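Take a look at the structure set out below.
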């Protein structure tokens, strides 16, 4: 297979991405080379097309006409195969820096050369620039005559440096060879990124905050780097204990990470992650109001709980009519379980809907008609999702439409549906959504306990498979009760 230069790959993408025919002069101007150079690149592309029996690029009046199956030529350019992709010096420096930082012990220049598929002399020529590049991250490359090279510096600086190499998050994994190779060095399975996202989605939801998408991906990337470093035995240096507003959120994230990846849950790691979560450079939050003080938040929370308790007492008779269980279940919060919220009458299977807005509106109307919410609650759920993005999608294939307390909730309740045809909600990593559970909450204690049970179930692939197999709402209700107490 022919060696493919970075510019040649970029030209292929340019030709695929343009609906109109491009000219030699346009490509020459874009890539700042001569038309003759572009012709040579097109000649190489034609050789690839010939090898794959995909036709041939033709030049007609200076315009470039590609064969109908032209897009398949990308299969000839493996994204992380350095035998068929010629790295630029900038790419070599970034990848070599990543190799050095991700190596616990010393690494020789010959090993670096083998990984980059270049000669040892090429690495020697690049070495001063590699050291300068790594030095930008407050790190230092040490040389040993018999052992090779090693990076010295704080663990936190090493992680932040790796994040900057892959600065745009893991979304571009398939678009850039440097990013692909850096991710590959982390030795995480492809489904690990999905698992990390689910853990972070859950933590963000419980924190009642909303990370911007770019910030979310940066934290996902950091967690992937942290897992890899911990598995190597590299932990964050001792941190000064300064609990902040995101400390509990960081703690919840790392408890789940530790369980999933069998790594230690260290307080220094919690402290550093919490500082990343409040650092504007890494984490941006979407909020409707200005931040309030801890004291104000506690006062509002206490007031909400007090009002909810009064409302629940007044609503017992109504609740009894909607739940098959007796009203005594509300006497003590600790006795209210998820299956109390989801009897068979609150579950519907095989629902048909065209889009996310229709399903949210239909479920909200169901809650309204049965007295769980005011009419404004339905509109508010849709408005919030349109304004702040589909934050209601909390796990792969699972969404929880809702709104905050005081927005029209009357009684704590839930309504679960499975969709006959899964629907995209606009979260590429978690779409399409197959299960939707709408809820209203007037009591934090009851709501959070049920929420934890619900999330736990829908993280279980076996539970989701069995739920798909349920023939009736009664079957689904029995399944929920069975898994709730596992």
Handout entry: For segment 212-258 and segment 383-428, distance of Cα centres in Å
Key = 27 Å
Exercise for the section: Taking the Cβ of each residue in 269, 369, 14, 217 as the centre, tally the other Cβ atoms inside 10 Å and list the residues starting with the fewest. Expected result: 369, 14, 217, 269
Problem - Relative packing of 371-382, 30-41, 126-137, which averages over residues the other C-beta atoms within 10 Å, highest first - result: 371-382, 126-137, 30-41
Practice task
Quick one: give the max-minus-min coordinate of the C-alpha atoms of segment 188-286 along each principal axis, largest first, in Å.
Solution key: 35, 34, 22
Practice task
Assuming a ≥ b ≥ c are the square roots of the Cα gyration tensor eigenvalues, decide whether segment 87-180 counts as rounded (a/c under 1.5), prolate (otherwise, with a/b larger than b/c) or oblate.
Solution key: oblate
Handout entry: Cα pair distances of segment 4-76 binned at 10 Å [whole percent]
Key = 20, 61, 19, 0
Completion exercise
Final fewest-first order of 360, 111 on the 10 Å Cβ neighbour count is 111, 360
Exercise for the section: Just the number, please: percent antiparallel of the DSSP beta bridges in segment 340-486, rounded to the nearest 5. Expected result: 65 percent
Completion exercise
FRET efficiency for residue 34 and residue 376 from the Cβ-Cβ distance with R0 = 60 Å, rounded to 0.05, comes out at 0.40
Fill in the blank from the handout: Assertion target for 355, 157, ordered by fewest C-beta neighbours within 10 angstrom first, is 355, 157
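Since every read-out is calculated from the coordinates, none of them should be taken as a lab result. Source: prediction; values computed, not measured. All Cβ positions, even for glycine, are placed from backbone atoms using ideal geometry, and neighbour counts span all protein chains on display.
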